[in-house]
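Data block below; observations after.
The values are calculated or read from the model by the stated rules, or taken from the named source; none is laboratory data. No experiment lies behind these values; they were computed from the predicted model shown. So basically every Cβ, Gly included, is an ideal-geometry build from the backbone, and we count neighbours across all protein chains shown. Quick note on the areas: whole protein, heavy atoms, side chains included, nothing else; ligands and nucleic acids left out. Shrake-Rupley method; radii C 1.70, N 1.55, O 1.52, S 1.80 Å.
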Amino acid sequence: MREISCESIIQTVAEMCVEANLHLTEDVSGALHKAAACEVNPLGKQILASLEENLEIAGRENIPICQDTGMAVFFVTIGQEVHITGGSLTDAINEGVRKGYTEGYLRKSVVNDPLLRVNTKDNTPAVIHYDIVPGDALKLTFAPKGFGSENMSKLYMLKPADGVEGVEEAVLSAVRDAGPNACPPMVIGVGIGGTFEKAAILAKTALTRNMSEHSALPHIAELEERLLKRINDLDIGPGGFGGKTTAFGIRVETYPTHIAGLPVAVNICCHVNRHSVREL
Amino acid sequence: MTKQINVPFSREEAKSLRAGDYVYLTGTIYVARDAAHKRMSEALAAGEPLPFDVKGQVIYYMGPTPAREGQVIGSAGPTTASRMDKYTPALLDLGLLGMIGKGKRSQAVLDGIVRNGCVYFAAVGGAGALLSMCITESEVIAYDDLGAEAVRKLKVENFPCIVVVDSEGTNLYVRG
Ligand code: SF4
């Protein structure tokens, strides 16, 4: 049994909230710089240059990259040998969000009830996905999610006969519909298989993957490459004004599914695809 | 074409802008997003005055992060305009001249833009840190309780945006 205190979790989560909102991981910032050098559409090129400057200002002046500092999403992998002391893990994560968003000057974008809509004023509660694994480590992945792009995400319950072509059409149709609303260049997370909710969680997980890598499954790696090319041929471009940089990357996650189904979830993210990972 | 213009601007100036123009705005603009639009629309329905006279003005769809000590405003980029579509035609008919946001608009808004000779600009989505540098003053003028969604009056200097829909209805998002 390894003990991990709520206090250390609160502190870690608060730091992650600020870090993710001020700095992008290298795979995403690297993709931005590469696209800025390669884009040929003049307005697209100008927008990518603005985004590079924006990133630089965010880091230098301590201003969030984007004003939508998101709803706080966590993927928590907890070793079954871990014992949390001093309170509940969920409360500790929410307390960390409260602290990070308040002390870090991040925007409070959460309302208490989807219909009554009163702001909770501290960006809680977070959306937390738990996974219990062997071992004694606690791994936290924080992925704040802006809603300009979240709102453009889609879930399709395809038929097995739709096959890989159906999957590709579904992804392209979601990206086409998202267009300028999702602050392109986008980053796309796709979940294929499982059930209705499993596909959506897979798609969100995919967004936390390294965008410069590909799936370990050869047929999925090929699908990622083919989809990225087709997405970048859509001519949505930076800001939606045309160009070949419609997406920086796409990652696909899969899971076994039912004989009768082919669920496909497309989680759209913008170029501000933020995350921070810590292991305690 | 790159243009420098002062805000507020006249209807003639609004009509002179063309989809695709890269414009730097200097002057005063107002900020309102979802919850503020809902309240303004309720005020109109109840025959009450709006928190500011929209006539001849530009509204920026935005909800900033809080300012740190010594900063005018926090990150301050555009939000998706389509969520305001339901409330916008009424404001255009009341004299609102310009809107700054990002993303597509409804047909009713596009019609309102042409009917009234207005303009819809996009600012670069996800460039909130950069855009905050062009804001020299920020004051909450109404609905303070809405936090990030309060109505603000901003002074901007060389605030960059792109004309997406011009007064003739030409739409930069529609190509090919
Ligand atoms: S979609 Fe992304 S870049 Fe655009 S406003 Fe939302 S969080 Fe910011």
Exercise for the section: Within segment B:99-120, track down each residue that is surrounded by fewer than 24 Cβ atoms within 10 Å (Cβ to Cβ) and within 16 Å of the ligand (Cβ to nearest atom). Expected result: B:Lys104
Handout entry: Filter result for B:Gly126 (in contact with a His (Cβ under 8 Å, 6 or more places away or on another chain) and in a loop (DSSP other than H, G, I, E, B))
Key = yes
Handout entry: Some residue of segment A:123-145 being within 11 Å of chain B (Cβ to nearest Cβ) and modelled with pLDDT of 95 or more
Key = yes
Exercise for the section: Look at A:Gly59 and say whether it is on the phi < 0 side of the Ramachandran plot and in the same structural domain as A:Gln11 (by TED's automatic domain parsing). Expected result: no
Exercise for the section: Could you pull out the residue among A:Glu213, A:Glu165 that is open to solvent by 80 Å² or more (accessible area, probe 1.4 Å) and not in a helix (DSSP H, G or I)? Expected result: A:Glu213
Completion exercise
Given (1) within 11 Å of chain A (Cβ to nearest Cβ); (2) open to solvent by 20 Å² or more (accessible area, probe 1.4 Å); (3) touching a strand residue (DSSP E or B) at 6+ places or on another chain (Cβ under 9 Å), B:Ala123 misses just (2)
Handout entry: Among residues of segment A:225-246, those that are within 16 Å of A:Ala174 (Cα to Cα), within 11 Å of another protein chain (Cβ to nearest Cβ) and touching an Asp or Glu at 6+ places or on another chain (Cβ under 9 Å), counted
Key = 1
Practice task
Considering each of A:Ile250, A:Ile236, A:Ile259 in turn, give the residue that is part of a loop (DSSP other than H, G, I, E, B) and crowded, with 24+ Cβ neighbours inside 10 Å.
Solution key: A:Ile236
Problem - Scope segment B:149-176; condition closer than 27 Å to B:Leu50 by Cβ, open to solvent by 30 Å² or more (accessible area, probe 1.4 Å) and either within 12 Å of chain A (Cβ to nearest Cβ) or acidic (Asp, Glu) (or both); matching residues - result: B:Glu149, B:Glu157
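Going residue by residue through segment B:89-98, is there one that turns out to be part of a loop (DSSP other than H, G, I, E, B), more than 16 Å from the ligand (Cβ to nearest atom), within 14 Å of chain A (Cβ to nearest Cβ) and not basic (Lys, Arg)?
No.
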